[in-house]
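Participant: Below: one structure in structure tokens.
The values are calculated or read from the model by the stated rules, or taken from the named source; none is laboratory data. Keep in mind that what you see is a predicted model, and the values were worked out from it rather than measured. Here the Cβ is made from the backbone with ideal geometry for all residues, glycine too, and neighbour counts use every protein chain on show. Heads up: the accessible areas ignore ligands, DNA and RNA and are worked out on the full protein's heavy atoms, side chains in. Shrake-Rupley method; radii C 1.70, N 1.55, O 1.52, S 1.80 Å.
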Amino acid sequence: MKLQIVKGMRDLIEQDARVFSHLEEKARQVFSLYGFEEIRTPILEMAELFTHGIGEETDIVGKEMYLLEDRRGQQLAMRPEGTAAVVRHVVQNQVLKQKKQAKYFYFGPMFRYERPQKGRFRQFHQIGVECFGVESPVADLEMFLMLRQYFEAINLKDVGFQINSIGCMDPSCRPQYKQNLVAYLKESQEELCEDCNRRIDTNPLRVLDCKNPKCQEITDSAPHSEDCLCSDCGDHYQTLKNLLDEHQVAYQCSHRLVRGLDYYSKTVFEVYSANLGAQSAAGGGGRFDNLFEQYGEKQVPSIGFALGLDRLALLCPPVEAAPPGVFVLGFEATAVSKVVAQIRQLGLGCSYDPNSSSMKSQFRQADKAGVRFVAILGEEEVKTGTVGLKDLETGTQENLSTEAAIAKITEVLL
Ligand code: HAM
């Protein structure tokens, strides 16, 4: 049997694993400042949670979901995103009966059967945030402020926000805009690609973010949703823009920004980096004020976003592993393991050679590990309860009692 990882999936080790942990840790710190609590939902959910919420006509539901049937014949899906699952939690546990607002963040793997390429995987990882129960554009503003603070915390430069408003379901708002857009697209229908021809009837807004150059040329002059908002959505969008200006958050308005999931209304946004190449979106989100209604619930104004960790990791500076401070060199396993245990117990990184190789080989290992101290436990030292402590930075070596050696190490390293 040939042991092989599944296509589009990867093991995260060393630098990648360190960067992921770092990005998650910083997110925890920053998001907590804004009152968000961590939530961990399962990877498997009922498939209909996503088909219903994300929309049957979307690529995610139509082409990319990992579906499976359990032993009882229930249709399950490996979550392609986190929002629907968090909404499921809020509804199932009647969270909004106990409080007016709920704010969650999450990390974790998501699954989409896409064509793998740089920055695009079939198992990828998101940091997501969902805020429930706030209608005011102040909640929208908070998303941007929190993201800005997070990007500062992880030293991420060269990222920008694109924003748009795709309105609401009021007949005078998005339905009217859709009509205007379809009428415009029909004029050049023959020139649009095959996918867009299908989308005119199923999901016309998605024609706006088609990457085909001819389609883009046509949609360059397409009507903008921003110009067709009802007064409520228009006010919401204008207030958000004013707030962003007041807080000096830089953004670009883009009429092409419509997002690939059907649950959005009003504000939508994406985080871009030119350094990501073709997969330039490091994250995206928006309002989903009508998603609860899709599940037969009362309306709950909501907003959130998700960042692609795999993509953020490509943009962030490397995170070095902290080297162990001490290498215990010796040939008597019991004596060595005792000292090693004592040092680790004090909270200091310590390594040794469990194979008790030659002195030369152990010195080489200590060098490679990048330690500051080598504690030598030769035959003589074991007999006398002492340690030959070599400081690799200063090059000095002294013979000390085990206690004195550990005290010296602690003094320097802690
Ligand atoms: P999304 O735009 O589908 O939104 O995904 C968010 C981010 O996940 C993307 O911007 C990208 O960085 C990353 N991503 C998506 N697919 C892949 C992939 N195949 N490989 C690597 N990275 C990927 C959502 O998922 C919404 N749930 C966000 C949201 C939360 N909206 C409201 N609340």
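Participant: What GluC sites (Glu not before Pro) does segment 340-414 have in DSSP loop regions with at most 14 other beta carbons within 10 Å?
Facilitator: Glu393
Participant: Let's see if you can work this out: charge +1 on each Lys and Arg Cβ, -1 on each Asp and Glu Cβ, no other charges. What is the dipole magnitude of the chain about its Cα centre, in debye to the nearest 20?
Facilitator: 800 debye
Participant: Moving to a separate point now. Averaged per residue, what accessible surface does the chain expose to a 1.4 Å probe, in Å²?
Facilitator: 51 Å²
Participant: Now, a different point. Need one word for segment 99-239: rounded, prolate or oblate. Basis is the Cα gyration tensor (sqrt eigenvalues a ≥ b ≥ c); a/c below 1.5 gives rounded, then a/b vs b/c decides.
Facilitator: The shape class here is oblate.
Participant: Continuing with the same structure: Given a 1.4 Å probe and every protein chain left where it sits, what share in percent of the accessible area of the chain is carbon and sulfur?
Facilitator: Ligands and nucleic acids excluded, carbon and sulfur reach 48 percent.
Participant: Could you give the nm distance between label points at Gln216 and Lys368, where each point is 7 Å from its Cα heading toward the beta carbon?
Facilitator: 4.8 nm
Participant: Another one. In degrees, nearest 10, range 0 to 90: what is the angle between the Cα axis of helix 137-153 and the longest Cα principal axis of the chain?
Facilitator: 30 degrees
Participant: Can you tell me the 0 to 90 degree angle between the C-alpha axis of helix 83-92 and the longest principal axis of the chain, rounded to 10?
Facilitator: 90 degrees
Participant: Please work out the Cα center distance from segment 209-257 to segment 37-53, rounded to the nearest Å.
Facilitator: Between the Cα centre of segment 209-257 and that of segment 37-53, the gap is 30 Å.
Participant: Given a Förster distance of 30 Å, report the FRET efficiency between Thr410 and Thr384 from their Cβ-Cβ distance, rounded to the nearest 0.05.
Facilitator: Calculated value: 0.90.
Participant: Using only the heavy atoms of the protein chains and a 1.4 Å probe, how would Thr384, Thr51, Thr58 rank by accessible area, largest first?
Facilitator: Greatest to least solvent exposure: Thr384, Thr51, Thr58.
Participant: Among Thr394, Ile200, Leu49, which residue has its Cα furthest toward the positive end of the charge dipole of the chain, with +1 on Lys/Arg Cβ and -1 on Asp/Glu Cβ?
Facilitator: Selected residue: Thr394.
Participant: Provide Thr396, Thr219 ordered by accessible surface of protein heavy atoms (probe 1.4 Å), highest first.
Facilitator: From most accessible down to least: Thr396, Thr219.
Participant: Of Lys368/Lys408; Lys99/Lys266; Lys26/Lys390; Lys383/Lys408; Lys26/Lys103; Lys97/Lys266, which pairs sit farther than 27 Å apart, going by alpha carbon to alpha carbon?
Facilitator: Lys26/Lys390
Participant: Residue by residue through segment 399-414, which ³J(HN,Hα) values in whole Hz follow from phi under the Karplus form 6.51 cos²θ - 1.76 cosθ + 1.60 (θ = phi - 60°), with glycine and proline marked x?
Facilitator: 9, 10, 5, 3, 4, 5, 5, 5, 4, 5, 4, 4, 4, 7, 8, 9
Participant: Please go through segment 289-343 and write out the trypsin sites (Lys or Arg not before Pro) that DSSP classes as loop and that have at most 16 other C-beta atoms within 10 Å.
Facilitator: Listed in order of number, the matching sites are Lys298.
Participant: Another question, if that's okay. Computed over the Cα atoms of segment 326-413, what is the ratio Rg over Rh, Rh following Kirkwood?
Facilitator: Rg/Rh: 0.91.
Participant: Oh, and also: Do any chymotrypsin sites (Phe, Trp or Tyr not before Pro) in segment 323-414 lie in a DSSP loop with no more than 16 other beta carbon atoms within 10 Å, and if so, which?
Facilitator: Phe331
Participant: Separate question: How high is the FRET efficiency from Arg72 to Glu48, r the C-beta distance, R0 22 Å, rounded to 0.05?
Facilitator: The formula returns an efficiency of 0.90 here.
Participant: How much FRET efficiency would the formula 1/(1 + (r/R0)^6) give for Asp11 and Ser32, where r is the Cβ-Cβ distance and R0 is 30 Å, rounded to 0.05?
Facilitator: Plugging the Cβ-Cβ distance into 1/(1 + (r/R0)^6) gives 0.55.
Participant: For the chain, take the longest principal axis of its alpha carbons; what is the angle in degrees between that and the long axis of helix 333-345, to the nearest 10 within 0 to 90?
Facilitator: Taking the Cα atoms of the chain, the angle to 333-345 is about 50 degrees.
Participant: Also, I was wondering about something else. Which parts of segment 155-175 would a label at Cys253 reach, counting a residue when its backbone N lies under 11 Å from a point 7 Å out along Cα-to-Cβ?
Facilitator: Zone members listed by number: 163-165.
Participant: Which of Leu192, Leu145, Leu12 moves most in a GNM of the chain, Cα contacts under 10 Å?
Facilitator: Leu12
Participant: Find which of Gln4, Leu314, Phe161 sits farthest along the positive direction of the dipole of the chain, computed with +1 on the beta-carbon of Lys and Arg, -1 on that of Asp and Glu, about the Cα centre.
Facilitator: Gln4
Participant: What distance in nm lies between label points placed 7 Å from Cα along the C-beta direction at Asp201 and Ala333?
Facilitator: 7.4 nm
Participant: Using θ = phi - 60° and the Karplus relation 6.51 cos²θ - 1.76 cosθ + 1.60, list the HN-Hα couplings for segment 379-391 in order, rounded to whole Hz, with x at every Gly or Pro.
Facilitator: These are the phi-based 3J(HN,Hα) values: 4, 5, 4, 4, 4, 9, x, 10, 9, x, 9, 9, 8 Hz.
Participant: When all C-alpha to C-alpha distances in the chain are sorted into bins of 20 Å, what percent of pairs does each bin hold, rounded to whole numbers?
Facilitator: The distribution over the chain is 22, 43, 22, 12, 1, given as percents.
Participant: Collect residues whose amide H, placed 1.01 Å from N in the peptide plane, falls under 5 Å from the amide H of Met110; neighbours closer than 5 in sequence don't count.
Facilitator: Correct list: Phe124, His125, Gln126.
Participant: Can I ask one more? Kindly rank 98-111, 124-137 from highest to lowest mean number of other beta carbons found within 10 Å of each residue.
Facilitator: Ranked from most to least packed, the peptides come out as 124-137, 98-111.
Participant: Next up: Could you give the length gained on full extension between Gln176 and Gln238, defined as 0.36 nm per residue of separation minus the Cα-Cα distance, in nm?
Facilitator: Separation in residues times 0.36 nm, less the Cα-Cα distance, equals 20.4 nm.
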